[in-house]
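Below: the structure, in structure tokens.
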Amino acid sequence: MKILLISPPWGNIYGKYHDVARIGSTYPPLGLCYLSAVLKKEGHDVKIIDAEAEGFNIEMIIKKFKAYNPNIVGIQGSSPLMDQASGIAKEIKRVKNVPIVLGGVHVTVLRTEVLREHECFDYGMVGESEFLFRKFIDALEKNQEFDSIPGLIYRKNGKIIFTGERPIIQNLDELPFPDRTSLNFDKYLWSVRKKGIVKLATIQTSRGCPYKCVFCTQAWTFSNSLRFRDPILVVDEIEEIVKNTPATHIVFIDDTIAIKKIPFKGDMQ
């Protein structure tokens, strides 16, 4: 299948402070890069549109959609961006009635309510979606029922169905390295003291947070269960970034990166 993954533009929610908000805040969409890697491993053709980084409005996104002509669309949506996400989905539906999937923290927290309020989305995915999306695509291709795929929200016979909680990914090392091939690294820039403007990539070494801050959605998405990647694989991924991308600066985006010191016993050579 041809799958288009979209990260909506977010800067406009800051109004006249748009340019200020973007400074040091425009990171590569690592979640979509993980999704792309898993789907490509299954043989699918995947493209990512990071609309904020590219400066795309809805019209530009639709132009890219028409050119690529995907079989399915996935849109990432947080609560402040739901108007943007639903606006994109509605415009896509006007062009072609392809299945549209909503992922991200908003649907993870509000579940079936989101599909009830936004009819432009056909499916919703709760929590970690890498392997969930893979199973969903497989069922869609084979015209199978979705009721045995935990973590999925969909419509059936006029009803909105949630298939139940999906277990978290216990072994993060099962995930392939994120697919960064769709990214334009000229758009991910930081000003670093004594180094000037640098191109950046992001990396994640763990998921989960043991704390339960009332203002944070971390527990909804990645749970309170801490899971760590093999440090050797993290170093391998850093080497891949250095070798295959123009990025010269790497940002670690773990929620609790300093919570555990992991002794490194590998051969640094």
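Ordering Thr221, Ser182, Ile238 by Cα displacement along the dipole of segment 182-269 toward the positive end leaves Thr221 in first place; charges were set at the Cβ atoms of Lys, Arg (+1) and Asp, Glu (-1). Candidates Gly74, Val107, Val95 compared by Cα position along the dipole of segment 66-161: farthest toward the positive end lies Val95, with charges placed on Cβ. Pairwise Cα separations in the chain fall into 10 Å bins from 0 onward with the following percentages, short to long: 6, 28, 37, 23, 6, 1, 0. Each peptide among 159-172, 184-197, 142-155 gets the average number of other Cβ atoms lying within 10 Å of its residues, and from highest to lowest they stand as 142-155, 159-172, 184-197.
Its Cα centre serving as origin, segment 2-162 has a Cβ charge dipole (Lys and Arg +1, Asp and Glu -1) of approximately 360 debye. Computed from Cα positions, the angle between helix 231-244 and the longest principal axis of the chain comes to roughly 80 degrees. Sequentially through segment 199-211, phi angles give Karplus couplings (6.51, -1.76, 1.60; θ = phi - 60°) of 8, 10, 10, 10, 8, 10, 9, 7, 9, x, 8, x, 8 Hz, Gly and Pro residues having no value and appearing as x. Relative to one another, the C-alpha centroids of segment 108-168 and segment 51-78 are positioned 21 Å apart. The rule of thumb for compact globular proteins, 2.2 N^0.38 Å, goes into the C-alpha radius of gyration of segment 2-162 1.00 times.
Using the rule -39500 (n - 2.57) for each DSSP H run of four or more residues, divided by the residues of the chain, the 222 nm mean residue ellipticity is -9500 deg cm²/dmol. Summing Cβ point charges (Lys, Arg +1; Asp, Glu -1) relative to the Cα centre of segment 183-252 gives a dipole of roughly 340 debye.
Among the cysteines of the chain, those whose beta-carbon sits 4.7 Å or more from every other cysteine beta-carbon are Cys33, Cys120, Cys209. Between Asp179, Asp255, Asp50, the Gaussian network model of the chain with springs among Cα atoms under 10 angstrom shows the greatest mean-square fluctuation at Asp255. Judged by the mean number of other Cβ atoms found within 10 Å, the most tightly packed of the peptides 124-130, 229-235, 6-12 leads the ranking 124-130, 6-12, 229-235.
The simple spin-label model puts a point 7 Å past each Cα toward its Cβ; for Ile250 and Ala67 those points are separated by 3.1 nm. Peptides 209-216, 77-84 ordered by packing proxy, namely the average of other Cβ atoms within 10 Å per residue, highest first: 77-84, 209-216.
FYI, it's all coordinate maths here, none of it is from the lab. Note that the structure is a prediction, hence the values are computed from the model and not measured. Glycine gets a Cβ as well: all are built from the backbone with ideal geometry, and neighbour counts include every protein chain shown.
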